[in-house]
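Take a look at the structure below.
The values are calculated or read from the model by the stated rules, or taken from the named source; none is laboratory data. From a predicted model like this one, the values you see are computed outputs, not experimental measurements. Backbone-built Cβ (ideal geometry, glycine too); neighbour counts: all protein chains shown. Note: accessible area is taken over every heavy atom of the protein model, side chains too, but ligands, DNA and RNA are not part of it. Shrake-Rupley method; radii C 1.70, N 1.55, O 1.52, S 1.80 Å.
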Amino acid sequence: MIELHFAPGNANLAPHFILEELGLDFKLTQVDRSVNAHKSPAYLKLNPSGRIPVLVDGDLVLFEAAAICLHLVDTHPTCGLAPALGTPERAHFYKWLMFLTNTIQPDILMYYYSDRYTTDPDGGPAVKEAAENRLIDFYTIIDHHLAKNGPYLLGETFSAADYYLLMVARFGRSLKTSPRDMTHLGATLEKITNRDAVQRAFASEGIEAPFL
Ligand SMILES: N[C@@H](CCC(=O)N[C@@H](CS)C(=O)NCC(=O)O)C(=O)O
């Protein structure tokens, strides 16, 4: 059976939404962050970087949330969560997923763990502020894209990248300009949040409204 190692609201959300959407039989295993279980020898065997999530699928042990999403989509090719391989639509799907995981997510980490990104003991707040400003710029890029090409990242076609968008936009909910308050991005996030798969995942992680 597929097993997802998670902590409520962490980077497991996008894989969790997909697992729910696919209707798969899967098990959730909570990583107890209060005792740093993600840095324990047992967890580090699954993910040497000590980060959440990890997916175990038979003999396959996979870390990195975007890789997990792509694996789930690839192993369920008829699920409709990604355009056909080799098409321009698939290329845009990769582009948005990579923008979210490779451009936005590192700044999310800089925002939440700013002290890790400087050797200056007083430098954390400046790192955090710079990350916050960059994040607002990046969310604005998505807002402008959705204004012309929405309602989803791939236009009328919903995809796994939209689940990833909800996860990384939710991480930005405490910014001075929240993604939920951006006209087009906010409307898109609400649509995605209302999907049954999302509501089931939030409920099983114990996440209550407001979701954004
Ligand atoms: N690039 C990784 C990032 C995962 C990540 O940073 N997860 C956070 C929780 S959202 C975490 O494990 N933080 C604990 C830590 O860094 O010590 C992924 O997408 O899987």
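Starting from the amide H of VAL54, placed 1.01 Å from N in the peptide plane, find each other amide H under 5 Å away whose residue is 5 or more places distant or on another chain.
Answer set, sorted by chain and number: HIS5.
Compute the separation of the alpha-carbon centres of the range 1-49 and the range 169-212 and state it in Å as a whole number.
20 Å
For the range 155-202, calculate the relative contact order in percent as a whole number, restricting contacts to Cα pairs under 8 Å that are 6 or more residues apart.
28 percent
Give the relative contact order (percent, whole number) for the range 88-195; include only Cα pairs under 8 Å separated by 6+ residues.
26 percent
Could you please report the charge total around VAL31, scoring K, R as +1 and D, E as -1 over all other residues with beta-carbon less than 15 angstrom from its beta-carbon?
Numbers: positive: LYS27, ARG33, LYS39, LYS45, ARG51; negative: GLU3, ASP32, GLU205.
Summing Lys/Arg as +1 and Asp/Glu as -1 gives +2.
Quick one: Karplus J couplings for the range 154-167, per residue in order, coefficients 6.51, -1.76, 1.60, θ = phi - 60°, nearest Hz, x for Gly and Pro?
9, x, 6, 8, 6, 8, 4, 4, 5, 5, 5, 4, 4, 4
Please sort by residue number the chymotrypsin sites (Phe, Trp or Tyr not before Pro) in the range 43-150 whose DSSP state is loop and whose Cβ has at most 12 other Cβ atoms within 10 Å.
none
Using the heavy atoms of the protein chains and a 1.4 angstrom probe, tell me the accessible area per residue for the range 88-195 in square angstrom.
Normalised by residue count, the accessible surface of the range 88-195 is 48 Å².
Hey, can you rank 154-165, 70-81 by average C-beta count inside 10 Å, highest first?
154-165, 70-81
Report the full-extension gain for the segment SER174 to ALA84: residue separation times 0.36 nm, less the Cα-Cα distance, to one decimal in nm.
Additional length available on full extension: 28.8 nm.
Using modelled backbone amide H atoms (1.01 Å from N, in-plane), which distant-in-sequence or interchain residues come within less than 5 Å of ILE2's amide H?
Answer set, sorted by chain and number: LYS27.
Across the range 82-88, in residue order, what do the Karplus-derived ³J(HN,Hα) couplings come to in whole Hz, using 6.51 cos²θ - 1.76 cosθ + 1.60 with θ = phi - 60° and x for Gly and Pro?
Values, residue by residue: 8, x, 4, 4, x, 9, x Hz.
Student exercise: in the chain, how many lysine pairs 8 or more apart or on different chains have Cα atoms under 24 Å apart?
8
I need to check one value: relative contact order of the chain, counting alpha carbon pairs closer than 8 Å and at least 6 residues apart, in percent.
On the way: 271 pairs, mean separation 45.5, N = 212.
Dividing the mean separation by the residue count of the chain yields 21 percent.
Using a 1.4 Å probe on the protein chains only, how many percent of the accessible area of the chain belongs to carbon and sulfur?
Carbon and sulfur: 53 percent of the exposed surface of the chain.
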